[in-house]
1. Quickly rank 234-242, 136-144 as a protection proxy: mean count of other C-beta atoms within 10 Å, highest first.
2. I need to check one value: relative contact order of region 58-126, counting alpha carbon pairs closer than 8 Å and at least 6 residues apart, in percent.
3. Which of Glu51, Glu36, Glu134 moves most in a GNM of the chain, Cα contacts under 10 Å?
4. Once the Cβ-Cβ distance between Glu267 and Ala54 is put in as r, and R0 is 41 Å, what FRET efficiency do you end up with, to the nearest 0.05?
5. Points 7 angstrom from Cα along the Cβ direction at Arg221 and Val83: gap in nanometres?
6. What ³J(HN,Hα) values, in whole Hz, does the Karplus curve 6.51 cos²θ - 1.76 cosθ + 1.60 give for region 203-215 when θ = phi - 60°, with x put for Gly and Pro?
7. Under 5 Å between amide hydrogens, which residues at least 5 positions from Ala114 or on another chain qualify, with H placed 1.01 Å from N in the peptide plane?
8. Pick the calculated mean projected area of the Cα convex hull in nm² for this structure from [x] 20.1; [y] 20.9; [z] 13.9?
Amino acid sequence: MNKHKLTAQLKSDRAWPLLLILALAACHGGQVKTQEITVFAAASLTGAFSEIAAVFEAENEGVRVLLNFAGSSQLAAQLTEGVPADVFASANATQIDTLIAAGWIDPGMEIPFAANRLTVIVPADNPAGITAFEDLARPGIALVLAVEGVPVREYTDEIVAGMPPGFRDGFYANLVSEESNVRQVVAKIALGEADAAVVYDSDVTQDLTGQVHRIPIPEERNVTAAYLIAPLAASRHRTQAQAFVDFALSPAGQTILARWGFSPPPE
């Protein structure tokens, strides 16, 4: 090989690493950067929001939704302690109001997006023979409720407050367990560890068929649980957070919520 050919070959060999680096950089530059948003949502929204998040991700390339489910009061406490998040969906207005007062949600950004009603559930074999809400004050009934401060418990206490004093005394005397969120309450009944519980209508999902039986609370005694959603003021991804809120309110989001037993938000 003559001198000129050797020099050309060496130049060509040296160019390959540079070309490879440029090619890799070009490939990397063509990828969509993943953006994660964290959504804190009431435990009763587990099924619905898992589906909503999956559809939202499919329609928004490069966005990943991280879900954190718990009792609304627990989630609000986590947020006030500084746990980062982008969206909060609460089963009542109380926790939203607390976060607005603390500066974690900008006033006016909260929006009602769904509603729910309460129901009594018993194990499928109904060992205590419960047939009506009034039976929950009968002596010897093992009753499970969510812990105080959780929205479903507050709604339950509101219903009980409208009952005669004798009922209220008997009802709370039967309380054998208080769970941190409504999903845990449902699990207790599905496993046959208590006679009855008060939960949301939407908690009686298809996967519980054959495990629990629903006993409606009379319409005149029942209450409407109003769910609200808002982006967090400290969110680092406000555009995506607002997009998720908008999707929950959209016809597609509302259809998913309805499929999971929720009603449209109160007007």
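The values are calculated or read from the model by the stated rules, or taken from the named source; none is laboratory data. Source: prediction; values computed, not measured. Neighbour counts are summed over all protein chains in view; Cβ atoms, including those assigned to glycine, are modelled from backbone coordinates with ideal geometry. Quick note on the areas: whole protein, heavy atoms, side chains included, nothing else; ligands and nucleic acids left out. Shrake-Rupley method; radii C 1.70, N 1.55, O 1.52, S 1.80 Å.
1. Details: 234-242: 16.4, 136-144: 18.1.
My ranking of the peptides, most packed first, is 136-144, 234-242.
2. Numbers: 22 pairs, mean separation 16.0, N = 69.
This gives 23 percent for region 58-126.
3. Among Glu51, Glu36, Glu134, the largest GNM mean-square fluctuation belongs to Glu134.
4. Working: r = 29 Å, r/R0 = 0.70.
After rounding, the FRET efficiency stands at 0.90.
5. Reported label-point gap for Arg221 and Val83 is 3.5 nm.
6. 3J(HN,Hα) across region 203-215, in whole Hz: 6, 8, 8, 4, 5, 9, 4, x, 10, 10, 10, 8, 10.
7. Long-range HN contacts for Ala114: Tyr227.
8. The value computed from this structure is option [y].
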